[in-house]
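The structure under discussion appears below in the form of structure tokens.
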Amino acid sequence: MPSSAASAARTILTRLHDVMASRSHAQAKLNNVVEIIGEGLDSEVCSIYLLREGMLELFATRGLAQEAVHVTRMAVGEGLVGTIAQNIDMLNLAEATAHPDFSYRPETGEEKFHSFAGVPIVRRERAVGVLCVQHAEPRRYEEVEIEALQTVAMVLSELIANADLVDEEQALLGPAQTGPQHLTGLSLVKGLASGVAVFHQPRITIEHTMAEDRDAELQRVYLAFDKMREQIDRMASQAEFGVGGEHEEVLQTYKMFAYDEGWSRRIIEAIDSGLTAEAAIERVQQRTRMRMRQIDDPLLADRMHDLEDLSNRLLRIVSGQMGTAASMGLKQDAILIARNLGPAELLEYDKRRLKGVLLEEGSLTAHVVIVARAMGIPVLGRLRSLRGAVREGDQLLLDGDQGKVTVRPNQPMLEAFDARFAKSRERQAAYAKLRDVEPFTRCGTRITVLMNAGLRDDMPNLALTGADGVGLFRTEFQFLVSATLPARERQTRLYRDVLEAAGDKPVVFRTVDIGGDKVLPYLRHNDGEDEENPAMGWRALRVALERDGLLKVQARALLEAAAGRTLNVMFPMVTEPWEFDAARQVFENQRAYLKAQKKKLPDAIRYGAMLEVPALAEQLDVVAPRLSFLSIGTNDLTQFLFAADRANPKLAERYDWLSPAILRFLKRVMQGVAGHNVDVTVCGEMGGRRLEALALLGIGIHRLSITPASVGPIKELVRKVDLGEIGKAMTGWLHAPPPNLREALLGWAQERGIDCD
């Protein structure tokens, strides 16, 4: 970072303080601000646009035609300025005209300028204006210059609010909402819930941004840091979930961020630049939010969310506005509303009253989701328009199964939801009665119904559902919630706890499947470059074999944990037989080492592979003699077969488990292992859906590993099926596929009174 850029930033902030302290009227201050920034960054143009009557109006400029002031206006989302306001994000362009949203306004005389940088002026988390600079020569602005612009924008938000220069209420509140409204989001934790809307925290409005006494502001923030860390330590020690759990490791990681020196240093640097403690925290928080929008790595994005949570907590402490919905207490059944939520904050709520959580952001791998799942609280995320659509006290109906929420439902909607809730409870009660009933088909064939797991807290579901065992234990969960590579002793303790909880039922441990969408910051590529197609890149067994120390430690932990038992271990994403052999040899070498050390060993080891890559199916004759079992991972396998990313909504229709292509493929796999003593299990969502499970039974698959919630429904389905009948029907359909196999199978089931909803 050039020293001249850093010097320019300091000069801007120093001069800005003098402008804000002057007695000039608001327009004069804005005129001075654009001159100071233009001179400080050596930019020919500096302009301020403010929101007026729903439009962004040019209020002050250095370098553009003065006749355009209060004349040039554009809608939110229009041009570069409108894009910044709409996205509440910065732009830094060496060539402005190359951007797809560029819009030329001839009255401004801006045609001779090439470079462009702009930042939003934010008030209560909404954009009320835009501050931008332009330069004749193409160049990208330095990061320190962008940060200086963002700090100026924060100070401007106070100035324009105090001077009533913008339509703040219009920008913040949006159109009034009175009738029912349906919002769709991402289901993070499934389940149904109803309750009134409760906002996690009131909006904290920063009234003073420029500090009068730097030392006093530093003292305030130091005390706030101490108090926040005390709160985190206390919550981490008082969290109650029963015995053990991955959520405890989540809280330890969260605690680590509370003591992060880099984060606190950035806040202190912002105070050194002339901001109050509150403004400094908000300044760093805004930067974090903008960075989150640029992060594709879900794990790193989740960790940024943890910092967002801590920033909110610190801001409430330093401002003295400590009241949250948790501290004030929930008076009735509630659905919590937040942009994002940290795991520690969720733990503050009364679990008897908290029925669900709605997040503007959030992801499936977020720490708060792991904790919410352990608490049994449904969570819906990615509700971008949430705060504009919901008011405090609104009645909400949360459908975590379908990823929907109904705001202010009318009476018919309430009655329909209550009926569905009652029906869901009746079904669950009926499925619970099947807990100790073995799933035999009508023709007398025993179907093995296993469950998937990944946390200690999943294991009680084994007894609750009556599953035959754990067909897939995802060991990577422990790695994903840890700040550092989990030590062997910690891995051993987890695996031993899981085996003890399972009793005499089998547990299949899948070795760590990281990479792709499950990137660990402490285990990156050697070259540090991002992958264009991570799902088919450096992940799963490929990572484990390249970083063989990772697999060696896990192998020893599993061998020690399974001492005196049978160890079932499975390798993910096997593509070639040699990969299976190499992974198996790692375990055999560790077994030989432990034997030489006189350590107690497993009574037997059964080795298996996950068939997720279609190439493995072409070499089953080679690898099958070496396998004890084969697990088909239908989630990845299907997207590889169809070249359709399952996370892409535009390709949802192509990702069809009842396509003749996938069913024919699975049938060939069954034929490929015929004659070998290999157990074949289907893992993943496909086996947990009743109609898809019916098709799997029809092609000869008798082992399913599914979510705990699906065990009861699938056991109930199995008892209604005659394998001879469905096998004959599937053979005919796959030989001569009907126009819509899904409709044909559904009709077949309905004729026989088999409910496949």
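Determine which member of the set Thr72, Thr108 is crowded, with 18+ Cβ neighbours inside 10 Å, modelled with pLDDT under 90 and within 23 Å of Ala26 (Cα to Cα). Exactly one residue qualifies, and that residue is Thr108.
Step by step: first the residues of the stretch 91-100, then only those that are within 15 Å of Ser43 (Cβ to Cβ) and hydrophobic (A, V, I, L, M, F, W, C), then the one that is surrounded by the most Cβ atoms within 10 Å (Cβ to Cβ). Which residue is that? Among those residues, the one meeting the criterion is Ala96. Taking residues in the stretch 414-432 that are among the small types (Gly, Ala, Ser), and partners anywhere that are outside any helix (DSSP H, G or I) and modelled with pLDDT of 75 or more, the pairs with Cβ atoms closer than 8 Å and at least 6 places apart or on different chains are Ser424/Leu192.
Take the residues of the stretch 406-431 that are surrounded by fewer than 13 Cβ atoms within 10 Å (Cβ to Cβ) and of a type in the set (A, V, I, L, M): which is modelled with the highest pLDDT? Among those that are surrounded by fewer than 13 Cβ atoms within 10 Å (Cβ to Cβ) and of a type in the set (A, V, I, L, M), it is Ala419.
Exactly one residue out of Ala372, Ala338, Ala366 is touching a Phe, Trp or Tyr at 6+ places or on another chain (Cβ under 9 Å) and either surrounded by 24 or more Cβ atoms within 10 Å (Cβ to Cβ) or at pLDDT below 80 (or both), and it is Ala338. Exactly one residue out of Leu472, Leu414, Leu450 is assigned to a helix (DSSP H, G or I) and either out of contact with any helix residue (DSSP H, G or I) (no Cβ under 6 Å at 6 or more places or on another chain) or in the same structural domain as Val507 (by TED's automatic domain parsing) (or both): that is Leu414. The condition of being in contact (Cβ under 8 Å) with a residue 24 or more places away in the chain, touching a Lys or Arg at 6+ places or on another chain (Cβ under 8 Å) and either farther than 30 Å from Leu192 by Cβ or crowded, with 23+ Cβ neighbours inside 10 Å (or both) holds for only one of Arg442, Arg474, that being Arg442.
Residues of the stretch 137-174 that are at pLDDT below 70, aliphatic (A, V, I, L, M) and either part of a helix (DSSP H, G or I) or within 32 Å of the chain's Cα centre (by Cα) (or both): Ala171, Leu172, Leu173.
Considered as a group, the residues in the stretch 605-632 that are under 30 Å from the mean Cα position of the chain (by Cα) and not in a strand (DSSP E or B) include one that is surrounded by the most Cβ atoms within 10 Å (Cβ to Cβ), and that residue is Glu612. In the stretch 721-733, the condition of being hydroxyl-bearing (Ser, Thr, Tyr), without any contact (Cβ under 8 Å) to a residue 60 or more places away in the chain and either in the same structural domain as Asp656 (by TED's automatic domain parsing) or surrounded by 19 or more Cβ atoms within 10 Å (Cβ to Cβ) (or both) is met by at least one residue.
Here is the figure for the stretch 733-757: residues that are in a helix (DSSP H, G or I) and touching a helix residue (DSSP H, G or I) at 6+ places or on another chain (Cβ under 9 Å) total 9. In this structure, Ala211 does not qualify as modelled with pLDDT under 75, surrounded by 16 or more Cβ atoms within 10 Å (Cβ to Cβ) and outside the structural domain of Ala26 (by TED's automatic domain parsing). Quick one: is Gln402 assigned to a helix (DSSP H, G or I) and under 29 Å from the mean Cα position of the chain (by Cα)? It is false that Gln402 is assigned to a helix (DSSP H, G or I) and under 29 Å from the mean Cα position of the chain (by Cα). Report whether or not Glu137 is of a type in the set (Asp, Glu) and either touching an Asp or Glu at 6+ places or on another chain (Cβ under 9 Å) or not assigned by TED's automatic domain parsing to the domain that holds Leu30 (or both). No, not satisfied.
For every residue, the table says whether it meets (1) more than 31 Å from the chain's Cα centre (by Cα); (2) assigned to a strand (DSSP E or B); (3) of a type in the set (A, V, I, L, M, F, W, C).
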position	(1), (2), (3)
Ala419	yes, no, yes
Ala422	no, no, yes
Arg427	no, no, no
Glu489	no, no, no
Val498	no, no, yes
Asp513	no, no, no
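The condition of being surrounded by fewer than 22 Cβ atoms within 10 Å (Cβ to Cβ), modelled with pLDDT of 90 or more, of a type outside the set (A, V, I, L, M) and in the same structural domain as Ile160 (by TED's automatic domain parsing) holds for Glu78.
With respect to the conditions (1) at pLDDT 90 or above; (2) over 23 Å from Pro138 (Cα atoms); (3) not hydrophobic (A, V, I, L, M, F, W, C), Glu53 lacks only one, and its number is (1). Being within 16 Å of Ile36 (Cβ to Cβ) and of a type outside the set (A, V, I, L, M, F, W, C) is the requirement here; does Thr151 meet it? So Thr151 fits the description; yes. Does the stretch 71-91 hold any residues that are in contact with an Asp or Glu (Cβ under 9 Å, 6 or more places away or on another chain) and not hydrophobic (A, V, I, L, M, F, W, C), and which are they? Answer for the stretch 71-91, where residues must be in contact with an Asp or Glu (Cβ under 9 Å, 6 or more places away or on another chain) and not hydrophobic (A, V, I, L, M, F, W, C): Thr72, Arg73, Gly77, Glu78, Gly79, Gly82, Thr83, Gln86. Inspection of the stretch 382-395 finds a residue satisfying the criterion of being part of a strand (DSSP E or B), modelled with pLDDT of 70 or more, surrounded by fewer than 24 Cβ atoms within 10 Å (Cβ to Cβ) and more than 21 Å from the chain's Cα centre (by Cα).
Of all residue pairs spaced 6 or more apart or on separate chains, none has beta-carbon atoms under 6 Å together with a first member in the stretch 331-351 that is polar (S, T, N, Q) and a second member that is at pLDDT 80 or above and surrounded by fewer than 23 Cβ atoms within 10 Å (Cβ to Cβ).
Criterion first (at pLDDT 90 or above, among the small types (Gly, Ala, Ser) and crowded, with 18+ Cβ neighbours inside 10 Å) does Ala561 satisfy it? Criteria met by Ala561.
The values are calculated or read from the model by the stated rules, or taken from the named source; none is laboratory data. These figures come from a predicted structure and were not determined experimentally. Positions of Cβ are generated from backbone atoms using ideal geometry, with glycine treated the same way; all protein chains shown enter the neighbour counts.
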